[in-house]
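These notes concern the structure reproduced below.
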Amino acid sequence: MLKADNYGPAMRAFTQALGVQCNYCHVMEPTRDMASDDKQTKKTARMMLQMVNHANEMIASGAGKPASDLVRVQCWTCHRGKAIPETPPPAQPPAAAPAAAPR
């Protein structure tokens, strides 16, 4: 759970990573109710944060390095400024070498 003084930086990181504004997850009409969990996007965000935390715990448990030296999964890892991550097309297989001419 975030401490109150960490909400601002965390929320800014979310909006940048997903390319959205506060109203994407938070109820803003008829009144601002930031604590409400009525929007599905906020429920999904909570599940995604659990997934990210689990991934980072798994990385840390098997790394054998100090946590400060580890690459960490973040929202940006997949979202890259998009609310719905774009899946890149699969890599093209390497071109086959030309067949040698028979002798």
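The values are calculated or read from the model by the stated rules, or taken from the named source; none is laboratory data. All figures in this text were calculated on a predicted structure; none of them were measured in a lab. A quick note on method: Cβ atoms are made from the backbone with ideal geometry, for glycine too, and the neighbour counts reach across all protein chains shown. Protein only, heavy atoms only, side chains kept; ligands, DNA and RNA dropped before computing areas. Shrake-Rupley method; radii C 1.70, N 1.55, O 1.52, S 1.80 Å.
Order L70, L49, most accessible first, counting only protein heavy atoms with a 1.4 angstrom probe.
Most to least solvent-accessible, the answer reads L49, L70.
Rounded to the nearest 10 degrees, what's the angle between the helix 40-63 long axis and the longest principal axis of the chain, both from Cα atoms, 0 to 90?
Compared with the principal axis, the helix lies near 60 degrees.
Report the calculated FRET efficiency for T44 and N6 (r = Cβ-Cβ distance, R0 = 22 Å), to the nearest 0.05.
For T44 and N6, the calculated efficiency is 0.60.
On the accessible surface of the chain, probed at 1.4 Å, how many percent belong to carbon and sulfur atoms?
Carbon and sulfur atoms account for 60 percent of the accessible area of the chain.
Send over a whole-number figure in Å² for the accessible area per residue of the range 13-102, probe 1.4 Å.
Ligands and nucleic acids excluded, the result is 80 Å² per residue.
Where a Cα-Cα gap under 17 Å defines reach, which aspartates and glutamates qualify for K42, not counting those fewer than 8 residues away within the same chain?
Partners within reach: E29, D33.
7 Å from Cα along Cα→Cβ at both A13 and K82: what's the point-to-point distance in nm?
Placing both labels 7 Å along Cα→Cβ, they lie 2.3 nm apart.
[x] 1.22; [y] 0.92; [z] 1.10: which one is Rg/Rh (Cα atoms, Kirkwood Rh) as calculated from this entry?
Structure-derived value, by its label: [x].
Just to confirm the number: angle between the C-alpha axis of helix 7-18 and the first principal axis of the chain, 0 to 90 degrees, nearest 10?
Helix 7-18 sits at roughly 40 degrees to that axis.
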